[in-house]
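Just below is one structure, and these are the notes that go with it.
Here, each number is a calculation from the coordinates, and none is a lab measurement. Quick caveat: nothing in here was measured; it's all calculated off a predicted structure. With ideal geometry, Cβ positions are generated from the backbone for all residues, glycine too; neighbour counts draw on all protein chains shown.
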Amino acid sequence: MELLPCGVAAITGGAGFVGMRLAQKLAAAGQSVVLLDLRPPAPGWQNRFSAEVLAKDANVQSCGISGQDSQNASAGGFPSQAKVSFRQADLRRLGDLLAGFQGVDTVYHVASF
C-alpha cells in the first residue's frame, strides 16, 4: 500500500490495533491523521506518537511538507507538520460521518463491527 506523504487522512476504526498502527506509519511519513472510532482509544494512546504530532484540536490542516521541513523532523522522527487527533464518531450515522470527514483528503476504512 502506498502511503500519501501529505494531506489529512481519516482512519475509521482508528482506535483499534490496525488503525493505530496505520496512524503511526502515516504520521511518520508526515501525514496529518484523524482517528475516527465509536469508542475512544485506550488510555495512553498519545504515547504512541511524539508530542509534536498530537493536534490540539480536531481541525487539522493539510500539510505542505517541503524538503527543508522533512530535514527538520522532530527528535521522534516525525515531520513537524504531521498532526494526529481523535474524533469520536458512529459510522452508522450520516451526521457523524460528515463531521468526521470534514477537512479530510483521504479515508482509510479499517473499522469493523
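Residues of region 24-50 with an amide N closer than 12 Å to a point placed 7 Å from the Cα of GLN88 along the Cα-to-Cβ direction: 37-41.
Couplings 3J(HN,Hα) of region 91-107, computed from phi: 5, 7, 10, 4, x, 5, 5, 4, 5, x, 8, 5, x, 9, 9, 9, 10 Hz, in residue order, whole Hz [Karplus 6.51 cos²θ - 1.76 cosθ + 1.60, θ = phi - 60°; x for Gly and Pro].
When you count the other C-beta atoms within 10 angstrom of each residue and take the mean per peptide, 33-44, 11-22, 93-104 line up highest first as 11-22, 33-44, 93-104.
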